[in-house]
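Read the structure below first, then the notes.
Bear in mind these aren't lab numbers, they're just calculated from the coordinates by the rules spelled out. As the structure is a prediction and not an experimental result, all values here were calculated from the model. Cβ atoms come from the backbone with ideal geometry, glycine included; neighbour counts cover every protein chain shown.
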Amino acid sequence: MDRDLQRQAGLALAEHHLLAIINEAGEQGIRPTDLALGSTLTKSGLTRAVDRLEALGLIASRVCPTDGRGQLLALTAKGRQKLRRAAPEFFRSVAQHFADHLTERETETLASAFERIAAADRR
């Protein structure tokens, strides 16, 4: 999947994941510490990826309006466009490497299991 995304969108899978997390945060943005919680990157890996995404103009940081000491990261218009354009290849890659190898029943079982895990995590 990493090779597929790099070839099509010029993004590493981890960078695409970060853009998706930031996108989910909405217009207000996300604190870097919250982004780190949703990421699988090390602290230094996250810093490098955020720096790269910012240098590419895909994300922007700004001062948190409720806490002047904190920062928020948000997608730029260019970042939203990049994420939207990468989506078809991302979903093709997921299908090719994972979903196409499962029966409908296996897919339903996995979905049910992941839903229970996500619900338990929200408690």
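Using θ = phi - 60° and the Karplus curve 6.51 cos²θ - 1.76 cosθ + 1.60, what whole-Hz ³J(HN,Hα) does each residue of the range 30-43 get, with Gly and Pro shown as x?
Result, ordered by residue: 9, 6, x, 5, 6, 4, 4, 5, x, 9, 9, 7, 5, 4 Hz.
Find how much the distance from residue 69 to residue 12 grows on full extension, using 0.36 nm per residue of separation minus their present alpha carbon separation; answer in nm with one decimal. Intermediate values should be presented prior to the final figure.
Numbers: separation 57, 0.36 × 57 = 20.52 nm, distance 3.02 nm.
Stretched fully, the residue 69-residue 12 segment lengthens by 17.5 nm.
Roughly how many nanometres apart are two label points built 7 Å out from the Cα toward the Cβ at residue 81 and residue 44?
3.5 nm
Could you sort the peptides 28-34, 9-15, 64-70 by per-residue average Cβ neighbour count (10 Å cutoff), highest mean leading?
With the highest mean Cβ count within 10 Å placed first, the list reads 9-15, 28-34, 64-70.
Could you tell me which label, among (i) 44, 35, 25; (ii) 40, 34, 24; (iii) 50, 39, 25, carries the value of Cα extents along the principal axes in Å calculated for this structure?
(iii)
Only helical DSSP H runs with n ≥ 4 go in: add -39500 (n - 2.57) per run for the chain, normalise by residue count and round the 222 nm mean residue ellipticity to 500 deg cm²/dmol.
Value at 222 nm, helices only, nearest 500: -21000 deg cm²/dmol.
Per 0.36 nm of contour for each residue apart, how much would the distance between residue 112 and residue 98 grow if the chain were fully extended, relative to their Cα-Cα spacing? Before the final figure, lay out each step's value.
Numbers: separation 14, 0.36 × 14 = 5.04 nm, distance 1.65 nm.
Working it through step by step, the gained length comes to 3.4 nm.
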